[in-house]
Every structure is written in structure tokens, then in C-alpha cells.
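In what follows, a single structure is set out as C-alpha cells and then discussed.
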Amino acid sequence: DVKVTQSSRYLVKRTGEKVFLECVQDMDHENMFWYRQDPGLGLRLIYFSYDVKMKEKGDIPEGYSVSREKKERFSLILESASTNQTSMYLCASSLTGGGSYNEQFFGPGTRLTVL
Amino acid sequence: AQKVTQAQTEISVVEKEDVTLDCVYETRDTTYYLFWYKQPPSGELVFLIRRNSFDEQNEISGRYSWNFQKSTSSFNFTITASQVVDSAVYFCALSDLSGANNLFFGTGTRLTVIP
């Protein structure tokens, strides 16, 4: 079974703090993703990575950065948290190849509140 | 650009009723993949099905069935004899061939099954 874990289920931070959200997958997947989920907006892609040290911007990268130093770990960083970054953050991973478009496996999510 | 529309924001049904969740998509890609995910109250998205654009056969898995029609750009999901455990938010997603198995998600449909 693919397992994607996220460091925290709930997190409360103050405006201006630097926030790290960690994600680890145990199935040797090449691709990893960070989404945020907001009511009425569905899931929106923040950043993704298709290899170690590689990263690509998604649809809403502003205010975020990422780090992928090891294949199994993908970190999302809020350099200076703001109240509009209060959201549910979901990490996912997927395998590349096989001539198909592979499904993504998701972690349980981190509900971040910025006060 | 990819677009996925789930026009039904919320649906309530009484247990044992059948329910259909609609998904309409837009894409210029000739090859694409469609997905359905379930997000129960625990928060973790669970993969349900993947369908590629060349396979228009309907699929049935237990009480779940999917109807893919390229002519109307729809990929609808039907739950037969609904149960309380089906209560969740359901997301339809479309492959975004910009890379790394990216997915573009609809805004989701919240299904409540009333006992």
C-alpha cells in the first residue's frame, strides 16, 4: 500500500512566521505535488516536482516555495505566513511511466490556520 | 486550457436511493485521462477510477458505475443503492499534460446520504 504522510494534521501559526509543511511517501514515486483545498474552489496545484531537486510552479505558487532534497520527501514552505494562506494543504505522489497517466496518492492533509 | 465542471455543489439523498454525480470537462488534448476521487470526512482523497480518452466503455464496480461520453465531454458517476458510508466529497479530475502526471480538479460535489 502506498503511504503518503504529512507531518501535522492541524497547525496554527501567526502572521509573518515561516512555516514548513513536510510530506513523505514510501513507494519510490518520482512525482510529488502540493495542493491547497478551499471551499468552492476544489484543489489547486501550488508546486510539483518530478525528480529530486526539481520543482515546477503550479497554478498558485505565489507566497510559497518548495524543497525536494530526497526522493521521498517534499516540503512546502511559507516564507512569511499570511491570513489568506489559511487552508487545507494536501500532498500527493505518483509514479511516472508505464505508458499511462498514473493516479496520484494523497496524504491526510494539514489544516493550517494563520492568525 | 483544461477545465472540469462539477455543477452540483451539494446533493442529499435518502439511503438506498441511486444518485448520479455529473462531471463535464474541456480539453484540447486528443489523449487525456479522467479520474474520480472520494474525500471522506477524514480528509484523505481516495482514488476511485481512471479512464483514458480511447476507452469509452462504461465501467461498473460493485455499486459504483461510470459513464464516459466523449460526444458530450462528460464522465458521470453513479452510486446505486447509496449507503451512509458514501457520504463524502467527490472530485472529478482531468489530466494536464504539462508534465509530471498533473491533474486538474473540479470543485467537488458533497454527497450526503441520509439514513
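The values are calculated or read from the model by the stated rules, or taken from the named source; none is laboratory data. Note that the coordinates shown come from a computational prediction; the quantities given were computed from them, not determined experimentally. Cβ placement follows ideal geometry from the backbone for every residue including glycine, while neighbour counts extend to all protein chains displayed. Surface areas here come from the heavy atoms of the whole protein model, side chains and all, with no ligands, DNA or RNA. Shrake-Rupley method; radii C 1.70, N 1.55, O 1.52, S 1.80 Å.
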For this session: Looking only at segment A:10-35, count how many residues are closer than 24 Å to residue B:105 by Cα and of a type in the set (Ser, Thr, Tyr).
Result: 2
Exercise. Residues of segment B:96-115 being open to solvent by 40 Å² or more (accessible area, probe 1.4 Å), farther than 22 Å from residue A:56 by Cβ and not in a loop (DSSP other than H, G, I, E, B), which ones?
Worked result: B:110, B:112, B:114
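Quick grid of which residues meet (1) at pLDDT below 95; (2) within 14 Å of another protein chain (Cβ to nearest Cβ); (3) open to solvent by less than 40 Å² (accessible area, probe 1.4 Å); (4) in contact with a Gly (Cβ under 9 Å, 6 or more places away or on another chain):
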residue: B:6; (1), (2), (3), (4): no, yes, yes, yes
residue: B:13; (1), (2), (3), (4): no, no, yes, no
residue: B:19; (1), (2), (3), (4): no, no, yes, no
residue: B:49; (1), (2), (3), (4): yes, yes, yes, no
residue: B:58; (1), (2), (3), (4): yes, no, no, no
residue: B:77; (1), (2), (3), (4): no, no, yes, no
residue: B:89; (1), (2), (3), (4): no, yes, yes, yes
Exercise. Residues in segment B:13-39 that are of a type in the set (A, V, I, L, M, F, W, C), within 19 Å of residue B:107 (Cβ to Cβ) and touching a residue at least 60 places away in the same chain (Cβ under 8 Å): how many?
Worked result: 5
Exercise. For the subset of segment B:24-37 comprising residues that are farther than 15 Å from residue B:5 by Cα and more than 11 Å from every other protein chain (Cβ to nearest Cβ), which member is most open to solvent (accessible area, probe 1.4 Å)?
Worked result: B:28
Problem set entry | Checklist (1) exposed (fewer than 13 other Cβ atoms within 10 Å of the Cβ); (2) in contact (Cβ under 8 Å) with a residue 24 or more places away in the chain; (3) not charged (D, E, K, R) applied to residue A:19, failing item | (1)
Exercise. Do the conditions hold for residue B:1, that is, is it open to solvent by 70 Å² or more (accessible area, probe 1.4 Å) and either part of a strand (DSSP E or B) or at pLDDT 90 or above (or both)?
Worked result: no
For this session: Filter segment A:50-80 for residues that are under 28 Å from residue B:89 (Cα atoms), small (Gly, Ala, Ser) and over 10 Å from the mean Cα position of the chain (by Cα) and give the result.
Result: A:58, A:63
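Okay, residues lined up against (1) open to solvent by 30 Å² or more (accessible area, probe 1.4 Å); (2) within 13 Å of chain B (Cβ to nearest Cβ):
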residue	(1), (2)
A:33	no, yes
A:38	no, yes
A:43	no, yes
A:57	yes, yes
A:68	no, yes
A:84	yes, no
A:87	no, yes
A:93	no, yes
A:107	no, yes
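Each row is one residue, and each column tells you yes or no for (1) under 28 Å from residue A:111 (Cα atoms); (2) in a strand (DSSP E or B); (3) touching a residue at least 24 places away in the same chain (Cβ under 8 Å).
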{"residue": "B:41", "(1), (2), (3)": "yes, no, yes"}
{"residue": "B:44", "(1), (2), (3)": "yes, no, no"}
{"residue": "B:47", "(1), (2), (3)": "yes, yes, no"}
{"residue": "B:60", "(1), (2), (3)": "no, yes, no"}
{"residue": "B:65", "(1), (2), (3)": "no, yes, no"}
{"residue": "B:75", "(1), (2), (3)": "no, yes, yes"}
{"residue": "B:78", "(1), (2), (3)": "no, yes, yes"}
{"residue": "B:81", "(1), (2), (3)": "no, no, yes"}
{"residue": "B:94", "(1), (2), (3)": "yes, yes, yes"}
Exercise. Out of segment A:70-82, which residues are among the basic types (Lys, Arg) and more than 14 Å from chain B (Cβ to nearest Cβ)?
Worked result: A:70, A:73
Exercise. For segment A:8-97, which fully contained strands (runs of 3 or more DSSP E) count at least 2 residues that are aliphatic (A, V, I, L, M)?
Worked result: A:10-13, A:19-25, A:42-49, A:73-78, A:87-94
